[in-house]
1. Determine whether LEU170 is aliphatic (A, V, I, L, M) and closer than 21 Å to GLU70 by Cα.
2. Of the residues that make up segment 246-264, is at least one small (Gly, Ala, Ser) and open to solvent by 10 Å² or more (accessible area, probe 1.4 Å)?
3. Could you list all residues from segment 200-248 that are among the polar types (S, T, N, Q) and closer than 21 Å to TYR318 by Cβ?
4. Within segment 272-286, can you find the residues that are of a type outside the set (S, T, N, Q) and open to solvent by less than 20 Å² (accessible area, probe 1.4 Å)?
5. Quick one: count up the residues across segment 61-88 that are surrounded by fewer than 22 Cβ atoms within 10 Å (Cβ to Cβ) and in a strand (DSSP E or B).
6. I'd like the residue in segment 293-326 that is outside any helix (DSSP H, G or I) and at pLDDT below 90 and, out of all such residues, is most open to solvent (accessible area, probe 1.4 Å).
7. Show the residue pairs meeting these rules: Cβ distance below 7 Å; 6+ apart or different chains; first residue within segment 156-180 and assigned to a helix (DSSP H, G or I); second residue polar (S, T, N, Q).
8. Scan segment 69-110 for residues that are among the polar types (S, T, N, Q) and in contact with a Leu (Cβ under 8 Å, 6 or more places away or on another chain) and report the count.
Amino acid sequence: MNGAAGAPRIISWNITLRCPLKCAHCYVDAGEQEAEGVLSTEEAFSVIDQICETGKPVVVLSGGEPLLREDVFAIARYGTELGLRMVMGTSGYLIDREVAVKLRDSGIRAVAISLDSKEPAVHDSFRGIDGVWERAVQAIGHCRDAGITVQINMSVMRSAISEVEDLIGLGTSLGVRDYQLFFPIPTGRARQIEPRSPEEYEELIRQILIRYWSFDLNIRPTCAPQFRRIAEDLGIINPAWGRGCLAGITYCRIFANGDVTPCPYLPLSAGNVRTTSFYEIWNNSPLFAALRDPSRLTGKCGKCGYKTSCGGCRARAYRKEDAPSPLWCDGLAMPETFTGECCGEDPWCPYQPGEVPS
């Protein structure tokens, strides 16, 4: 690794910050207002051209709500025609049968739909709008009917394994095999949510891995890189998982205004595609080089035997409890102005290097 850049595998792209929902945890604090300086259609095409210079990654069109951009189908089609695997992350709120067909025809290969609970009232309360759960469930059916692979994204806000089991049970009844379980990081509106303790999440991750390791499902904890350590301790190996924290290594985020950051929750700009090519940013950014070099890790992460498989959450390392309040929206800060240490130890990992696994 040591700072060397391979081709990106996944790029998440906030193509808009507009959103009809009022989710309690939204990392970009999305709403009715569009981001200042959002990339135009032609600029979006140019970004796709630039991405293709680095390889053929999966490109996740995200938001806000990406379907609020009228040109989203044109953007998806352009990327598809250049050989990229174009997918979408959405609440499902705006997907009916017609939209699902348009997504398929534009080349969208998979759609990740947010669904946080088996209980409609719980999901709707969390998402801030009545009827969101029903629309999300309907959207799953519409996408599957259109031949689009569906993944469910669950924000794990509680520490009970039963919540996860109920949601996965609902998803499998709808024909879904792919799940990402997000452990929210306090950015955007998520700063207002009372976090669970690291020990509670550690135990929940362990229970999830034990419960589902033999199932014919793809389940990956996200924003919880210690799951790789826990899985190894349990003897569970899944080559498809990759490293625990992928930020800046095989994954990055493009913000609505063209800034490229290691992940959506680490608000450090490595450059802007309006002034520097994505190829240059991905391959030569000092920020990305630091994140790719395990020897740059400090604190207990730097001493840990799992630093190449886990790596610790770089966003949590940067956003310690005493970190300053984020800037507008998702807290995007330019490198010369940020305070904090993105290569520091992950404060949410209770593991002490040298401990004997229990």
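The values are calculated or read from the model by the stated rules, or taken from the named source; none is laboratory data. Everything quoted here is computed from the prediction, not taken from an experiment. So basically every Cβ, Gly included, is an ideal-geometry build from the backbone, and we count neighbours across all protein chains shown. Quick note on the areas: whole protein, heavy atoms, side chains included, nothing else; ligands and nucleic acids left out. Shrake-Rupley method; radii C 1.70, N 1.55, O 1.52, S 1.80 Å.
1. Details: aliphatic (A, V, I, L, M): yes; closer than 21 Å to GLU70 by Cα: no.
No; evaluated as a whole, the condition is false for this residue.
2. Residues of segment 246-264 small (Gly, Ala, Ser): 247-248, 256, 258.
From what's left, open to solvent by 10 Å² or more (accessible area, probe 1.4 Å): none.
Scanning segment 246-264 turns up no residue that is small (Gly, Ala, Ser) and open to solvent by 10 Å² or more (accessible area, probe 1.4 Å).
3. Kept after step one, since they are among the polar types (S, T, N, Q), are these residues of segment 200-248: 207, 214, 218, 222, 226, 238.
THR222, GLN226 - these are the residues of segment 200-248 that are among the polar types (S, T, N, Q) and closer than 21 Å to TYR318 by Cβ.
4. Taking segment 272-286 first, the residues of a type outside the set (S, T, N, Q) are 273-274, 278-282, 286.
Across segment 272-286, the qualifying residues are VAL273, PHE278, ILE281, TRP282.
5. Here the count works out to 1.
6. Applying the first criterion (outside any helix (DSSP H, G or I)) to segment 293-326 yields 293, 297-298, 304-313, 319-326.
Now narrow it down to the ones that are at pLDDT below 90: 319-326.
On the way: ARG319: 32, LYS320: 87, GLU321: 193, ASP322: 131, ALA323: 34, PRO324: 75, SER325: 95, PRO326: 28 Å².
Checking each candidate, the answer is GLU321.
7. ILE161/GLN207; GLU163/SER117; LEU167/SER117
8. Let us first name the residues in segment 69-110 that are among the polar types (S, T, N, Q), namely 80, 90-91, 106.
Next, only the ones that are in contact with a Leu (Cβ under 8 Å, 6 or more places away or on another chain) stay: 90-91.
Count: 2.
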